[in-house]
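Q: Below is a structure I'd like to ask you about.
The values are calculated or read from the model by the stated rules, or taken from the named source; none is laboratory data. Everything numeric in this text was worked out from a predicted model, so none of it was measured. As a convention, Cβ positions derive from the backbone with ideal geometry for all residues, glycine included, and neighbour counts pool all protein chains shown. Just so you know, the surface numbers come from the protein's heavy atoms only, side chains and all, with ligands and any DNA or RNA stripped out. Shrake-Rupley method; radii C 1.70, N 1.55, O 1.52, S 1.80 Å.
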Amino acid sequence: MRTPRVLALGMTLLVLVGACSTGGGASPSTAPSVAAPSTASSTAPSEAASAAAKAPIKIGSDNFYESKLMGEIYAQVLEHAGYTVERKFALGSRQQRIPIMDAGQIDLVAEYVGSGLGFYDTTKITGDGQKNADALQAAIKSKGLTVLGISPGQDSNAFVVRKDTSTTLNLTKMSDLAAVQTQIKWGLPADCDTNPICSGALKSYGITYPPAKRTALGACDVPMAQALQGKAIDLAELCSTQPAIAQFGFVQLVDDKQTQPAENIAPIVRDDYLAKVDATAFKALLDGASAKVTTEALTAMGVDVAVNQKDVSDVAKAFLTAQGLLQ
């Protein structure tokens, strides 16, 4: 099913930029205005590798539109520079994708640094994107992976309800949920039980969503938003830049305990791939692309994909062209 277009694009963008640039559980304005230098890998290209080598690369993504979009942005930047790219998008959740990357089946993925860090160590997640990226680098260094520069924009996890549910149950913040949790039909991702930033966050509010009232749907994806709008569920985990929040007038509950980390986006790349190419030039290409990805840009591209039903590759191309990265 596709999301119907119910807002004119101009009005949608106006509402969304205002709504999404300040929302979410992460502290605002913690990310640098440009992609930070990679914290990086000690792996240098081998002596046998030419400085101009551009080895074929396999780029993966998780199974929601924004992850695919970021993967496509990085893919097109590399293709424009002469790399051959194999896309392996929609691999599943982070729990499914990480073993695939660890096994060498993909070379690069766009990662949300807060949730990525939370997969390894929830005690180190913060509202500062660069601190999360640095801690994530430390966590994955032994796996032969490098975190490149982070985007200034971010997209945090958001728990949202319909306006009628907010009014009827007096819900404005996450701490309001505990008292009415048995009255709510929960829409949560399939991996919530094993994801500390999902189930762990809810438990910190005293919430243990009843299994009989929980529907498993992909976070940050169109079916989750459609289920909420259609009243199949009463609460959904979406992403703060997701167009459906403003499109349908959903209420994003305030994360009053600040359980959600800063979610700036950065490519993670395998060190054995970096050893095949001119690593400095490779990083510069992707850091340059990440530096252009603001929260407003993520929101606007989300409108094009999820509301205007444009193809992800076309949206990525239009963005990169407007930023002067495909010239």
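Q: In whole angstrom, and with the biggest value first, how far do the Cα coordinates of segment 269-308 range along each principal axis?
A: That works out to 40, 16, 11 Å along the principal axes.
Q: Right, next: With a 1.4 Å probe and all protein chains left in place, how much accessible area per residue does segment 178-326 have, in Å²?
A: Normalised by residue count, the accessible surface of segment 178-326 is 35 Å².
Q: When we measure straight from the Cα of residue 58, which lysines land under 29 angstrom away, once same-chain ones fewer than 8 places off are left out?
A: Within reach: 68, 88, 131, 141, 143, 276, 283, 292, 310, 317.
Q: Something else about it: Could you work out the Kirkwood radius for segment 209-291, taking every pair of different alpha carbons, averaging 1/r and inverting it, reported in Å?
A: 16.2
Q: Which value, in Å² rounded to 10, gives the accessible area of residue 142 with a 1.4 Å probe and all protein chains present?
A: About 110 Å², rounded to the nearest 10.
Q: Shifting gears a bit: First obtain the Kirkwood hydrodynamic radius of segment 260-326 from its Cα pairs, then insert it into the Stokes-Einstein equation at 4 °C and 1.567 mPa s, and state the resulting D in µm² per second as a whole number.
A: My calculation gives 94 µm²/s for D.
Q: Averaged over all directions, how much area does the convex hull of the C-alpha atoms of segment 68-224 cover when projected, in nm²?
A: 10.8
Q: Ok, one more. Order 296-305, 264-273, 73-82 from most to least packed using the mean count of other Cβ atoms within 10 Å.
A: 264-273, 296-305, 73-82
Q: Could you tell me the extents of segment 90-171's C-alpha atoms along the three principal axes, largest first, rounded to whole Å?
A: Between the extreme Cα coordinates on each principal axis of segment 90-171 lie 51, 27, 23 Å.
Q: With bins 10 Å wide starting at 0, give me the P(r) of segment 52-141 over every alpha carbon pair, in whole percents.
A: In whole percents, the pair-distance histogram is 17, 43, 34, 6, 0.
Q: Cα convex hull of segment 149-246: mean projected area in nm², to one decimal?
A: 6.8
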